[in-house]
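Just so it is clear, none of the values below were taken in a lab; they were calculated from the coordinates. As the structure is a computational prediction, the values presented were derived from the model and not from experiment. Cβ: placed from backbone, ideal geometry, glycine included. Neighbour counts: every protein chain shown.
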Amino acid sequence: MAWKPTAETIAALAPDQIKNLRKNAEDREMPDVVALCDAELEKRKPVKVKKEKVPKAPKEPKAPKAAKPEKVES
């Protein structure tokens, strides 16, 4: 009798092993095993956390430049 993976046995595998099992199951036309692998890989996807936007502090107004002394021609 051929070994048929279950959700529990697939869950115990490393991600690379699950991907390999999925590819082999796909090649052998075993859609039920492919579905189990896809479900486990989906569970393991990292959750994307939206970063909270922090409002920037208002820019301080620039101080006016000091007036240049006028050149005195002699």
*To the nearest 20 debye, what is the magnitude of the charge dipole of the chain about its Cα centre, counting +1 on the Cβ of each Lys and Arg and -1 on the Cβ of each Asp and Glu?*
780 debye
*In terms of Cα to Cα distance under 29 Å, which lysines are near enough to Lys19, apart from those fewer than 8 places away along the same chain?*
Lys4, Lys43, Lys45, Lys48, Lys50
*May I ask you to compute the full-extension gain from Lys53 to Asp38, defined as 0.36 nm times their residue separation minus their alpha-carbon distance, rounded to one decimal in nm?*
2.0 nm
*At what distance in nm do the modelled label points of Ala14 and Ala63 sit from each other, each positioned 7 Å from its Cα along Cα→Cβ?*
6.2 nm
*Cβ crowding within 10 Å averaged over residues, with 33-39, 47-53, 19-25 ranked highest first*: 33-39, 19-25, 47-53
_If R₀ is 25 angstrom, what is the calculated FRET efficiency for the pair Ala7 and Glu29, using the beta carbon separation as r and rounding to 0.05?_
0.80
